[in-house]
Amino acid sequence: MLPRSRRPSSPHSPLLQQATMLSPAKLMLWTALFATPLLGQPNVPAKVGANQGAGPHNPQELAAFIDSFFTPKMEELKIPGAVFSVGKDGALFYSKGYGFADVERGEPADPAKTAFYIGSVGKLFTATALMQLIDEGRVDLDANVNDYLDLFQLEDTYAEPVTPRHLLTHTGGFDEGVLEMMAPSAAEIMPLGQYLKKRMPPRVMPPGCLITYSNNGMALAGYLVEAVSGVPYAHYVNQNILRPLEMHSSRAELVPPIPEILATGYAYDEASASFKPVVPFFLNASPAGSVYTTAEDMAHFMIAHLQRGRYGDETILSESAAQQMHQRQFTHDERIPGVGYGFFESFENGHRLLMHGGAIYGYFATLFIVPDRDLGFFFSCNTFSFDVGNIYWELLRAFFDRYLPPSQPAAEPVQVDPAELARVAGYYQTTKTNQRGLLKIFSLMGQVEVEVIEDGQLAVHMLMNPQKEPWRPVGSLLFRQDLTDELAAFGEDGDGGISHLFMQNFAFERIAWYQTRNFHLGLLGFALVAFLSALLGWPVGYLIRHLRRRTAPDHRHAARARLLAGGICALNLAFLVGLVANQDIFKLEIAFGLPMVLYALLLVPIATTLLAVPLLPLTSIVWRDRVWSTAARMHYTLVVVAIVVFAFFLYYWNLLGIRG
């Protein structure tokens, strides 16, 4: 492989840079909120030659269908290479590669020989490994996780303990944490137990209440495998899953030297109109997504799950354990998709599928299986953007429309009392947030507004996306988006008030007006205007008075008051400029640890907040002694208020102080 830079780099969306791994439904959700939305019209190809709902029968026909769909998208979406595989009826049915595994060398992507990182799809291997130990009676699904931990213990924040069941369903109630999830080099990889001891996020809600997708929660599940089996996680997966499934080109952890079969990950650089390689990554939280594999190897894994734990003469799970993994184990509302153990549930054209997807620097992958059709589908490519995530969903819908069309019409809309609609209108925020850490501010991007529109419908849309598609009521607190048939449900609290919005497998918590993006951006805007007015207005005013020879001796505290307030304004503006200028570091490199530039920047608000303490008595003196004109005193007071407001803003979003 060609040499690569030490740190990953990507010109793609900043949201991608914030997230190290995505679940399938999480990717669906992010696509719906931040890119060409699933709330809008998907670009689905025309339904040509539907196959009577029996699934694909002819590999050549399937190849022609995927070619016609995907080949034009390669250039349009700047995808360097991709691979597909389909497993059906216990065997590999189809596989194909497109484009290049290595652009510089012209090496083609081969479904049998080219390995790709699969990101969070690797969590399915972690879930399967833990289910093996549960199957053997060595781990109890409902035991306290702490019973298996010696190196560290989870805090007893709530009365209910976290159990393996919670880890496998992402209902452990952990905060979202990314600090030091990745290592900049193989030499700096932390042992899994040491990483979790240092960086396991705190518990922020009782377990078993809500799905809060957790990379570290699944890393903890992998550590249980390690702690109980007595062998390192990657070694366990290699020996007990990959080896019996004859996944010879796959490994559960990347270690140097970088294998030649691994496709180079790329980000497309618009400025140079070329693909830029990104560095191979090393995960401290390895069970959350460190597997690399080929498309044909992944077909073996899909077949094993479709055959209820069997692959040829090998058995990796008992039939009952495999069925438990595939059964719905948790849902926010019985009428919408939930989760199994490891798998996320979804529905297309009335067919139930189990899936997981992943995106990580330079790679994207997703897998789905349809158990009642004995059918599985895997796709991976060596780049990622939200458009790439979107194209998979377009292909998925086109695939189902062609081979597994709906067998019955969708539920008809129902009439709902306008008062019922008004109950659900308001603002909601994703529960998957970094509540205690530096990335809390990114939860602003996960806020959703629900509005009542004409004809008794709702519009559910991201606050940053003005596009509003109608959702029609189809049941009590249940709504359907016509163009995609997705369902959204609303949950009530103990007093009958609306508390949550549930979309797909994820929850949004209702928030008050003072928690919304618009309110906090208003606070920030007010502070910025006040800071600029002080830094520009005071010197200009002084210069004008000096030129007109109208300067008068200042009150003994006046110069001190303006100098101090002006210095604080300048430092606060410098902090914001530094934050914006280093946003790639803030959003990307924090996964490797707190960068020194960010550490230095975070010292600024601490200093300005301490310096602001004398401003309050100085403001009182300015008014008491009638320093300056009334208008000047009012302006000075607004500047001081803005400094206090800005300090509150920073504190609220965990930017006042140095947090993990």
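The values are calculated or read from the model by the stated rules, or taken from the named source; none is laboratory data. What you see is a predicted model, and the numbers here were worked out from it, not measured in a lab. Please note: Cβ atoms are built from the backbone with ideal geometry, for glycine as well, and neighbour counts cover all protein chains shown.
Quick notes on this one:
- Looking only at residues of the stretch 390-442 that are of a type in the set (Lys, Arg) and either surrounded by 18 or more Cβ atoms within 10 Å (Cβ to Cβ) or touching a Ser or Thr at 6+ places or on another chain (Cβ under 9 Å) (or both), we find that the one that is modelled with the highest pLDDT is Arg402.
- Selection count, the stretch 392-443, where residues are polar (S, T, N, Q) and in contact with a strand residue (DSSP E or B) (Cβ under 7 Å, 6 or more places away or on another chain): 4
- Of the residues making up the stretch 450-497, just one is farther than 22 Å from Trp393 by Cβ, polar (S, T, N, Q) and in contact with a strand residue (DSSP E or B) (Cβ under 6 Å, 6 or more places away or on another chain), namely Gln457.
- Scan of the stretch 343-366 for residues that are within 17 Å of the chain's Cα centre (by Cα), assigned to a strand (DSSP E or B) and within 17 Å of Ala322 (Cα to Cα), ordered by number: Phe344, Met355, His356
- Some residue of the stretch 534-547 being of a type in the set (Lys, Arg) and either at pLDDT 95 or above or farther than 21 Å from Tyr651 by Cα (or both): yes
- Those strands (runs of 3 or more DSSP E) of the stretch 403-475 in which at least 2 residues are under 30 Å from Ile585 (Cα atoms), considering only elements entirely within it, cover 426-430, 447-453, 457-462.
- Per the conditions (1) more than 26 Å from the chain's Cα centre (by Cα); (2) modelled with pLDDT of 90 or more, the sole criterion not satisfied by Leu576 is (1).
- Neighbours by Cβ (under 9 Å, 6+ apart or cross-chain): first from the stretch 603-616, within 16 Å of Val640 (Cβ to Cβ); second basic (Lys, Arg): Pro614/Arg560
- One residue from Met74, Met21 being of a type in the set (A, V, I, L, M, F, W, C), at pLDDT 80 or above and more than 23 Å from His351 (Cβ to Cβ): Met74
The rows are residues; the columns are (1) closer than 30 Å to Glu589 by Cα; (2) of a type in the set (Lys, Arg); (3) in contact with a Ser or Thr (Cβ under 9 Å, 6 or more places away or on another chain); (4) buried (at least 19 other Cβ atoms within 10 Å of the Cβ).
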residue	(1), (2), (3), (4)
Leu478	no, no, no, yes
Asp482	no, no, no, no
Glu492	no, no, yes, no
Asp495	no, no, no, no
Ala512	no, no, no, no
Leu523	yes, no, no, no
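- Test result for Ala488, under 20 Å from Asn349 (Cα atoms), not in a loop (DSSP other than H, G, I, E, B) and not assigned by TED's automatic domain parsing to the domain that holds Pro337: yes
- The helices (runs of 4 or more DSSP H) located wholly in the stretch 161-229 that include 1 or more residues which are under 26 Å from Ile585 (Cβ atoms) occupy 192-199, 215-229.
- Being crowded, with 19+ Cβ neighbours inside 10 Å and either under 21 Å from Tyr236 (Cβ atoms) or over 26 Å from the mean Cα position of the chain (by Cα) (or both) is a description that applies to Pro287.
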